[in-house]
Amino acid sequence: MVYESKHPLVKHKLTLLRNKNTKPKKFRELIRELAMLLCYEATADLAVREIEVETPMGTAVGSELSEKIGLVPILRAGLGMVNGIWEMMPGAEVWHIGLYRDEKTLKPVSYYNKLPTAPTVQVCLVLDPMLATGGSAVATVDILKNWGAERIKFVGILAAPEGIEALQKAHPDVPIHVAAIDSHLNDIGFIVPGLGDAGDRQFGTG
Ligand code: PRP
């Protein structure tokens, strides 16, 4: 399933993010805010268990999350999506996956993965602003499935139709949550109209 957010705040913030005049500080704020809004939508079906809580006035029946959540940012650009989400779910574990896209082949190259042998979380939220060819997302979900993650969701900001097709073909069980689906990829694998390079624009390295 692909979920393209319909939320007005998401659309507003995405437009600011796309603007080539948006500076890194503002760009980072927007990535953080968009990640929180998209995560809110992506986590609507998380399982909860019923618990009782004592209020100053008596006993209320409440809920607590019953699944252990893992946030899995794909380095580098996914890093900016972590902190806002983490504040909302402070009990989540964060597992970094380092991949970069070879500029010639556009294939992902793995350079960091410290997952322990046994899975420690039930639900993984893969975080990466850009789903371009889909190679990085497919490789990350491959890694998480081999690790033993039971349920995986992809949360991104922009997707190209090519990336959605690749991820759905390789992993049809992984729902995709994004702020928008753009027109296409250009000949160097950038999303058009897109927002440029999400890593460089966050870290000021462009
Ligand atoms: C970009 C982006 C994604 C990936 C998407 O990362 O942040 O991780 O490319 O492309 P794909 O869907 O075709 O795999 P990049 O390789 O530029 O690394 P960086 O985030 O470290 O800058």
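Descriptive notes on the structure:
- The number of residues in region 131-155 being within 15 Å of the ligand (Cβ to nearest atom), in contact (Cβ under 8 Å) with a residue 40 or more places away in the chain and either open to solvent by 10 Å² or more (accessible area, probe 1.4 Å) or assigned to a loop (DSSP other than H, G, I, E, B) (or both) comes to 5.
- Counting only strands (runs of 3 or more DSSP E) that sit wholly inside region 1-87, those with at least 1 residues that are under 30 Å from Glu150 (Cβ atoms), touching a residue at least 40 places away in the same chain (Cβ under 8 Å) and open to solvent by 90 Å² or more (accessible area, probe 1.4 Å) are 2-4.
- Test for Leu115: is it of a type in the set (A, V, I, L, M), surrounded by 11 or more Cβ atoms within 10 Å (Cβ to Cβ), within 16 Å of the ligand (Cβ to nearest atom) and outside any strand (DSSP E or B): no
- Enumeration of residues in region 79-93 that are in contact with a strand residue (DSSP E or B) (Cβ under 9 Å, 6 or more places away or on another chain) and under 15 Å from Leu37 (Cα atoms): Gly80, Met81, Val82, Ile85, Trp86, Met89
- Count - residues of region 94-142 that are farther than 20 Å from Leu34 by Cα and touching a Ser or Thr at 6+ places or on another chain (Cβ under 8 Å): 7
- Region 172-186, subset part of a loop (DSSP other than H, G, I, E, B) and away from the ligand (no atom under 13 Å from the Cβ), residue nearest to Val141 (Cα to Cα): Val174
The values are calculated or read from the model by the stated rules, or taken from the named source; none is laboratory data. Please read these numbers as outputs of a predicted model, since none were measured by experiment. Using ideal geometry, Cβ is built from the backbone for each residue, glycine included, and neighbour counts are taken over all protein chains shown. In case anyone asks, the SASA skips ligands and DNA or RNA and just uses the protein heavy atoms, side chains included. Shrake-Rupley method; radii C 1.70, N 1.55, O 1.52, S 1.80 Å.
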